[in-house]
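Q: To start, I am sharing the structure in question, which I have written as C-alpha coordinates.
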Amino acid sequence: MNQKTKALLKENNQREKALSKESQAVLTDIVVYLRGQTLSEYCQEEVRRDIQEMVLEAEARGETISQIIGEDYQAFCDEIVAALPPRTRKERILDALETLLPAVAILAAIWVGFSLLTAVIRGESLWNLSLSLGQGLLYVVILLVAWGLVTYVCRTSFRQKMGVREKVAVGLAAVVVVTLVILENLLSWPSVTMPLPGAVLMVVLPIVFYLFLSRRV
(Lines give C-alpha, C1' and ligand atoms only; values in the text may rest on other atoms or scores of the structure.)
Protein backbone atom coordinates (compact mmCIF):
# COMPACT_ATOMS: atom_id res chain seq x y z
CA MET A 1 0.00 0.00 0.00
CA ASN A 2 1.59 3.29 -1.10
CA GLN A 3 1.80 6.42 1.05
CA LYS A 4 -1.10 8.17 -0.69
CA THR A 5 -3.42 5.25 0.03
CA LYS A 6 -2.15 4.92 3.60
CA ALA A 7 -2.86 8.61 4.24
CA LEU A 8 -6.43 8.29 2.94
CA LEU A 9 -6.92 5.08 4.94
CA LYS A 10 -5.83 6.86 8.12
CA GLU A 11 -8.11 9.79 7.34
CA ASN A 12 -11.08 7.46 6.77
CA ASN A 13 -10.42 5.53 9.98
CA GLN A 14 -10.46 8.78 11.93
CA ARG A 15 -13.61 10.10 10.22
CA GLU A 16 -15.48 6.87 10.83
CA LYS A 17 -15.28 7.40 14.60
CA ALA A 18 -17.79 10.25 14.23
CA LEU A 19 -20.44 7.90 12.83
CA SER A 20 -23.06 6.10 14.91
CA LYS A 21 -22.45 2.50 15.98
CA GLU A 22 -25.04 1.28 13.48
CA SER A 23 -23.38 3.12 10.61
CA GLN A 24 -19.93 1.94 11.66
CA ALA A 25 -21.11 -1.68 11.56
CA VAL A 26 -22.60 -1.26 8.09
CA LEU A 27 -19.50 0.60 6.84
CA THR A 28 -17.33 -2.27 8.11
CA ASP A 29 -19.32 -4.76 6.02
CA ILE A 30 -19.14 -2.42 3.02
CA VAL A 31 -15.36 -2.05 3.31
CA VAL A 32 -14.88 -5.81 3.63
CA TYR A 33 -17.04 -6.35 0.56
CA LEU A 34 -15.11 -3.73 -1.43
CA ARG A 35 -11.81 -5.43 -0.52
CA GLY A 36 -12.93 -8.41 -2.59
CA GLN A 37 -13.82 -6.37 -5.67
CA THR A 38 -11.73 -5.37 -8.68
CA LEU A 39 -11.14 -1.79 -7.51
CA SER A 40 -7.71 -0.52 -6.55
CA GLU A 41 -7.03 0.05 -2.85
CA TYR A 42 -6.99 3.82 -3.34
CA CYS A 43 -10.29 3.70 -5.22
CA GLN A 44 -11.78 1.62 -2.41
CA GLU A 45 -10.77 4.25 0.11
CA GLU A 46 -12.17 7.01 -2.09
CA VAL A 47 -15.53 5.20 -2.19
CA ARG A 48 -15.35 4.70 1.57
CA ARG A 49 -14.67 8.41 2.10
CA ASP A 50 -17.58 9.45 -0.11
CA ILE A 51 -19.98 7.12 1.71
CA GLN A 52 -18.76 8.34 5.10
CA GLU A 53 -19.32 11.97 4.16
CA MET A 54 -22.78 11.16 2.81
CA VAL A 55 -23.75 9.28 5.98
CA LEU A 56 -22.35 12.00 8.26
CA GLU A 57 -24.50 14.58 6.51
CA ALA A 58 -27.52 12.29 6.78
CA GLU A 59 -26.99 11.64 10.48
CA ALA A 60 -26.76 15.37 11.07
CA ARG A 61 -30.29 15.57 9.66
CA GLY A 62 -31.44 12.74 11.93
CA GLU A 63 -31.52 10.07 9.20
CA THR A 64 -30.08 6.56 9.36
CA ILE A 65 -27.69 4.91 6.91
CA SER A 66 -30.40 2.57 5.61
CA GLN A 67 -32.56 5.57 4.74
CA ILE A 68 -29.74 6.96 2.62
CA ILE A 69 -28.38 3.92 0.76
CA GLY A 70 -31.29 1.49 1.19
CA GLU A 71 -31.57 -1.88 2.89
CA ASP A 72 -29.75 -3.86 0.17
CA TYR A 73 -26.18 -2.86 0.94
CA GLN A 74 -24.65 -5.34 -1.52
CA ALA A 75 -26.72 -3.98 -4.42
CA PHE A 76 -25.61 -0.48 -3.44
CA CYS A 77 -21.96 -1.55 -3.52
CA ASP A 78 -22.38 -3.43 -6.81
CA GLU A 79 -23.76 -0.28 -8.47
CA ILE A 80 -20.75 1.71 -7.30
CA VAL A 81 -18.26 -0.95 -8.43
CA ALA A 82 -19.93 -1.21 -11.85
CA ALA A 83 -19.55 2.54 -12.35
CA LEU A 84 -15.83 2.62 -11.58
CA PRO A 85 -12.86 1.37 -13.65
CA PRO A 86 -11.56 -2.02 -12.51
CA ARG A 87 -7.92 -2.78 -11.85
CA THR A 88 -5.86 -3.85 -14.82
CA ARG A 89 -4.55 -7.41 -15.03
CA LYS A 90 -1.10 -6.17 -14.04
CA GLU A 91 -2.52 -4.38 -10.99
CA ARG A 92 -4.43 -7.50 -9.93
CA ILE A 93 -1.28 -9.61 -10.17
CA LEU A 94 0.77 -7.10 -8.18
CA ASP A 95 -1.96 -6.81 -5.53
CA ALA A 96 -2.14 -10.60 -5.27
CA LEU A 97 1.63 -10.75 -4.78
CA GLU A 98 1.45 -8.01 -2.15
CA THR A 99 -1.05 -10.13 -0.24
CA LEU A 100 0.75 -13.44 -0.77
CA LEU A 101 4.35 -12.45 0.03
CA PRO A 102 3.90 -11.81 3.80
CA ALA A 103 2.19 -15.20 4.15
CA VAL A 104 5.08 -16.87 2.28
CA ALA A 105 7.59 -15.14 4.58
CA ILE A 106 5.70 -16.28 7.69
CA LEU A 107 5.50 -19.90 6.53
CA ALA A 108 9.18 -19.84 5.54
CA ALA A 109 10.09 -18.49 8.98
CA ILE A 110 8.02 -21.26 10.61
CA TRP A 111 9.84 -23.85 8.51
CA VAL A 112 13.29 -22.44 9.35
CA GLY A 113 12.50 -22.20 13.06
CA PHE A 114 11.00 -25.70 13.20
CA SER A 115 13.92 -27.17 11.21
CA LEU A 116 16.51 -25.55 13.49
CA LEU A 117 14.69 -26.72 16.60
CA THR A 118 14.46 -30.26 15.22
CA ALA A 119 18.16 -30.24 14.34
CA VAL A 120 19.10 -29.09 17.86
CA ILE A 121 16.94 -31.77 19.49
CA ARG A 122 18.38 -34.49 17.24
CA GLY A 123 21.94 -33.19 17.56
CA GLU A 124 22.21 -32.70 13.80
CA SER A 125 24.04 -30.03 11.82
CA LEU A 126 22.33 -26.63 11.68
CA TRP A 127 23.90 -25.75 8.35
CA ASN A 128 21.72 -27.80 5.99
CA LEU A 129 17.93 -27.67 6.40
CA SER A 130 15.56 -30.10 4.69
CA LEU A 131 12.05 -29.42 3.44
CA SER A 132 10.10 -32.65 3.10
CA LEU A 133 7.45 -33.30 0.51
CA GLY A 134 4.81 -33.44 3.24
CA GLN A 135 5.85 -30.06 4.63
CA GLY A 136 5.84 -28.48 1.19
CA LEU A 137 2.35 -29.77 0.40
CA LEU A 138 1.05 -28.66 3.79
CA TYR A 139 2.36 -25.09 3.37
CA VAL A 140 0.92 -24.80 -0.14
CA VAL A 141 -2.50 -26.00 1.04
CA ILE A 142 -2.41 -23.60 4.00
CA LEU A 143 -1.82 -20.71 1.59
CA LEU A 144 -4.65 -21.84 -0.70
CA VAL A 145 -7.10 -22.36 2.17
CA ALA A 146 -6.24 -18.98 3.71
CA TRP A 147 -6.69 -17.28 0.33
CA GLY A 148 -10.02 -19.01 -0.16
CA LEU A 149 -11.28 -18.03 3.29
CA VAL A 150 -10.35 -14.38 2.81
CA THR A 151 -12.07 -14.35 -0.59
CA TYR A 152 -15.16 -15.97 0.90
CA VAL A 153 -15.35 -13.48 3.78
CA CYS A 154 -15.04 -10.52 1.40
CA ARG A 155 -17.70 -11.77 -0.99
CA THR A 156 -20.19 -12.72 1.72
CA SER A 157 -19.72 -9.89 4.22
CA PHE A 158 -23.44 -9.03 4.08
CA ARG A 159 -24.65 -12.59 4.70
CA GLN A 160 -25.81 -13.55 8.16
CA LYS A 161 -25.27 -17.31 7.73
CA MET A 162 -23.19 -19.62 5.55
CA GLY A 163 -24.97 -21.61 2.87
CA VAL A 164 -24.75 -25.38 2.53
CA ARG A 165 -22.10 -25.20 -0.22
CA GLU A 166 -19.93 -22.89 1.86
CA LYS A 167 -20.16 -25.16 4.90
CA VAL A 168 -19.22 -28.18 2.78
CA ALA A 169 -16.27 -26.29 1.26
CA VAL A 170 -14.98 -25.22 4.68
CA GLY A 171 -15.37 -28.77 5.98
CA LEU A 172 -13.48 -30.23 3.03
CA ALA A 173 -10.70 -27.66 3.45
CA ALA A 174 -10.37 -28.59 7.12
CA VAL A 175 -10.25 -32.30 6.23
CA VAL A 176 -7.53 -31.69 3.63
CA VAL A 177 -5.38 -29.68 6.06
CA VAL A 178 -5.75 -32.28 8.84
CA THR A 179 -4.98 -35.09 6.38
CA LEU A 180 -1.82 -33.36 5.22
CA VAL A 181 -0.73 -32.79 8.82
CA ILE A 182 -1.05 -36.54 9.36
CA LEU A 183 0.68 -37.38 6.08
CA GLU A 184 3.51 -34.95 6.80
CA ASN A 185 5.28 -37.60 8.88
CA LEU A 186 4.64 -40.28 6.27
CA LEU A 187 5.99 -38.13 3.42
CA SER A 188 9.10 -37.26 5.40
CA TRP A 189 11.80 -37.90 2.84
CA PRO A 190 13.61 -34.65 1.97
CA SER A 191 12.63 -33.10 -1.32
CA VAL A 192 14.87 -30.05 -0.91
CA THR A 193 18.02 -29.56 1.13
CA MET A 194 19.17 -25.98 1.55
CA PRO A 195 22.06 -24.30 3.36
CA LEU A 196 21.00 -22.08 6.27
CA PRO A 197 21.83 -18.78 4.46
CA GLY A 198 19.60 -19.83 1.56
CA ALA A 199 16.80 -20.71 3.99
CA VAL A 200 17.11 -17.29 5.62
CA LEU A 201 16.86 -15.68 2.19
CA MET A 202 13.55 -17.49 1.70
CA VAL A 203 12.28 -15.47 4.66
CA VAL A 204 13.96 -12.17 3.83
CA LEU A 205 13.33 -11.93 0.07
CA PRO A 206 9.50 -12.08 0.26
CA ILE A 207 9.61 -9.29 2.85
CA VAL A 208 11.89 -7.17 0.65
CA PHE A 209 9.67 -7.68 -2.41
CA TYR A 210 6.58 -6.92 -0.32
CA LEU A 211 8.07 -3.64 0.91
CA PHE A 212 8.98 -2.73 -2.67
CA LEU A 213 5.48 -3.48 -3.96
CA SER A 214 3.78 -1.70 -1.07
CA ARG A 215 5.57 1.53 -1.98
CA ARG A 216 4.66 1.49 -5.65
CA VAL A 217 2.45 4.30 -6.97
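Q: Remind me, relative contact order of region 1-101 in percent, using alpha carbon pairs under 8 angstrom and six or more residues apart?
A: Dividing the mean separation by the residue count of region 1-101 yields 32 percent.
Q: Restricting things to alpha carbons, tell me how big region 1-126 is in terms of Rg and Dmax, in Å.
A: Reported Rg and Dmax, both Å: 20.9, 72.
Q: Quick one: pull the percent of accessible area on region 7-137 belonging to carbon and sulfur, 1.4 Å probe, ligands and nucleic acids left out.
A: C and S atoms contribute 59 percent here.
Q: As an exercise, take the mean of 1/r over every pair of distinct alpha carbons in region 88-131, invert it, and state the Kirkwood radius in angstroms.
A: 12.3
Q: I need the peptides 21-27, 40-46, 87-93 ranked by packing, meaning the mean over residues of other C-beta atoms within 10 angstrom, with the highest value on top.
A: Descending packing order for the listed peptides: 40-46, 21-27, 87-93.
Q: Next up: Using all Cα-Cα distances in region 31-91, what percent lands in each 10 angstrom bin from 0 up to the longest?
A: 21, 49, 24, 5, 1
Q: Taking a quarter of the surface of the convex hull around the Cα atoms of region 56-155, what do you get in nm²?
A: Directional mean of the projected Cα hull area for region 56-155 stands at 11.2 nm².
Q: Would you give the gap between the C-alpha center of region 1-41 and the C-alpha center of region 76-143, rounded to a whole Å?
A: Spelled out, the Cα-based centre of one part sits 26 Å from the other.
The values are calculated or read from the model by the stated rules, or taken from the named source; none is laboratory data. Remember, it's a predicted structure, so these values are computed and weren't measured experimentally. For neighbour counting, all protein chains shown are included, and Cβ atoms are generated from backbone atoms with ideal geometry for every residue, glycine included. For accessibility, only protein heavy atoms count, side chains too; no ligands or nucleic acids. Shrake-Rupley method; radii C 1.70, N 1.55, O 1.52, S 1.80 Å.
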